[in-house]
Amino acid sequence: MKSVKTSDWGKWNMNDPVLWAISELTFNPLYNTTTYDKFITLSGDSYPTMSQSYLHYLFGSNGPLKSYNFVTSIWCETGLRPTKYSEFPQKWHKRKAYPKPILLKLANSTKKVDIFYGSQWMMLNSDFVAYMGRSLHDSNSFPSKLKDRFIEHRNVVTDEVYFPTILMNEEQFAASVPNVPKGQGLPGVEWLKTVRYERMDEHMPSCTGVFPDTQRYVAPENIEPRVWGPYFLGINDLQNIKMSGALFFRKISDTVEANLYNLFPVDLREDVDRLPVIDWGRETDYQISPRPTFREQNDQNRQKNNTQK
């Protein structure tokens, strides 16, 4: 597909690709007569845990996930429900970014808007997508006014707060967000604790005091040990992917670690449970060695061949 939008990290236009897609689905004659169950946003380095046919069952007309709008990821402090600004500690950076509700002047009223944090990677129902598409063509609507407010005041991390804030402040959609605490699964699909798994080590320690005790990598000399490591997932992340119940996992590369591509996707959720238990060992230090260039590798092979001769 041709790229039509460019995003700058931390700026409002991080939302532009999703808003463009919503507009296309709502108004483009090629798509606006199409019936679909879920509008799913994914990054290019995402991968499914289960087959397309099984995901279709989960989201379809008789599926257990049909009625839900998902706007959180594994690191959301409140699980499958977006986190309200006031649920963060007073001095936490996300609380400082939005320390109080926003007041918006609509056509005939003033709306008090509580800010909610979630994720820019979402799974949205078609009725909410249509609502967003129509609302953004109405300059006096709540979504349009909130967009204008974020742009005018240069608010940060709008890609994490824009959609969750609209969902949680619109009565007609608020109940569509699953109200499931962190670590618990949805009724009927108890294995589903998060729809998307990503390691996101830079989010630790968390605002609630969670600090992992698994040191994944040997820290460089004179650097304090920490849990941070490469973002890309590897085979040692398999057990965490399974336990999360995620439908997709994010930040995977076949040039960095191809093993996960050999295991996923599987046909059914039961097949995920049957995968082996492979986790990060608590007693083992891991260290990533420098990756040689092709020139270095060829030189090593030539030297090896000369030695053998």
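Do we have any residue at all in the range 214-226 that's surrounded by fewer than 19 Cβ atoms within 10 Å (Cβ to Cβ), outside any loop (DSSP other than H, G, I, E, B), modelled with pLDDT under 65 and among the charged types (D, E, K, R)?
no
On the given criteria, is T33 in a loop (DSSP other than H, G, I, E, B), without any contact (Cβ under 8 Å) to a residue 40 or more places away in the chain and over 13 Å from the mean Cα position of the chain (by Cα)?
Values: in a loop (DSSP other than H, G, I, E, B): yes; without any contact (Cβ under 8 Å) to a residue 40 or more places away in the chain: yes; over 13 Å from the mean Cα position of the chain (by Cα): yes.
Yes: the conditions hold for T33.
Within the group Y117, Y68, which residue is out of contact with any strand residue (DSSP E or B) (no Cβ under 7 Å at 6 or more places or on another chain) and not acidic (D, E)? First the steps, then the outcome.
Working: Y117 fails: out of contact with any strand residue (DSSP E or B) (no Cβ under 7 Å at 6 or more places or on another chain).
Sole residue among the options that is out of contact with any strand residue (DSSP E or B) (no Cβ under 7 Å at 6 or more places or on another chain) and not acidic (D, E): Y68.
Inspect all residues belonging to the range 277-291 and state whether any of them is exposed (fewer than 15 other Cβ atoms within 10 Å of the Cβ), assigned to a helix (DSSP H, G or I) and modelled with pLDDT under 55.
Taking every residue of the range 277-291 in turn, none turns out to be exposed (fewer than 15 other Cβ atoms within 10 Å of the Cβ), assigned to a helix (DSSP H, G or I) and modelled with pLDDT under 55.
Considering only residues of the range 148-204 that are in a loop (DSSP other than H, G, I, E, B) and among the polar types (S, T, N, Q), which is farthest from L58 (Cα to Cα)?
Among those residues, the one meeting the criterion is N155.
Restricting attention to the range 70-102, which residues are buried (at least 21 other Cβ atoms within 10 Å of the Cβ) and among the aliphatic types (A, V, I, L, M)?
V71, I74, L80
For T33, are the conditions met, namely being within 30 Å of V256 (Cβ to Cβ) and either of a type in the set (V, I, T) or in contact with a Cys (Cβ under 6 Å, 6 or more places away or on another chain) (or both)? Show your work before the answer.
Working: within 30 Å of V256 (Cβ to Cβ): no; either of a type in the set (V, I, T) or in contact with a Cys (Cβ under 6 Å, 6 or more places away or on another chain) (or both): yes.
Taking the combined requirement at face value, the residue does not satisfy it.
Six or more apart or on different chains, Cβ under 9 Å: which pairs go from a residue in the range 69-88 that's farther than 11 Å from V195 by Cα and at pLDDT 95 or above to one that's buried (at least 23 other Cβ atoms within 10 Å of the Cβ) and among the basic types (K, R)? Could you list them?
none
Kindly evaluate S3 against the criterion of being on the phi < 0 side of the Ramachandran plot, more than 18 Å from the chain's Cα centre (by Cα) and without any contact (Cβ under 8 Å) to a residue 12 or more places away in the chain.
Numbers: on the phi < 0 side of the Ramachandran plot: yes; more than 18 Å from the chain's Cα centre (by Cα): yes; without any contact (Cβ under 8 Å) to a residue 12 or more places away in the chain: yes.
Taking the combined requirement at face value, the residue satisfies it.
Scan the range 4-23 and give yes if some residue there is hydrophobic (A, V, I, L, M, F, W, C) and touching a strand residue (DSSP E or B) at 6+ places or on another chain (Cβ under 8 Å), otherwise no.
The first filter runs over the range 4-23 and keeps only residues hydrophobic (A, V, I, L, M, F, W, C), leaving 4, 9, 12, 14, 18-22.
From what is left, the residues that are touching a strand residue (DSSP E or B) at 6+ places or on another chain (Cβ under 8 Å) are 21-22.
Yes; the residues of the range 4-23 include at least one that is hydrophobic (A, V, I, L, M, F, W, C) and touching a strand residue (DSSP E or B) at 6+ places or on another chain (Cβ under 8 Å).
Tell me, yes or no, whether the range 104-114 has at least one residue that is acidic (D, E), more than 29 Å from V195 (Cβ to Cβ) and at pLDDT 95 or above. Walk me through how you get there before you give the answer.
Step one: filter the range 104-114 for residues acidic (D, E), giving 114.
Keeping just the survivors that are more than 29 Å from V195 (Cβ to Cβ) gives none.
Scanning the range 104-114, I find no residue that is acidic (D, E), more than 29 Å from V195 (Cβ to Cβ) and at pLDDT 95 or above, so the answer is no.
The values are calculated or read from the model by the stated rules, or taken from the named source; none is laboratory data. These figures come from a predicted structure and were not determined experimentally. Methodologically, a virtual Cβ is constructed for each residue, glycine included, from the backbone with ideal geometry; neighbour enumeration extends over all protein chains shown.
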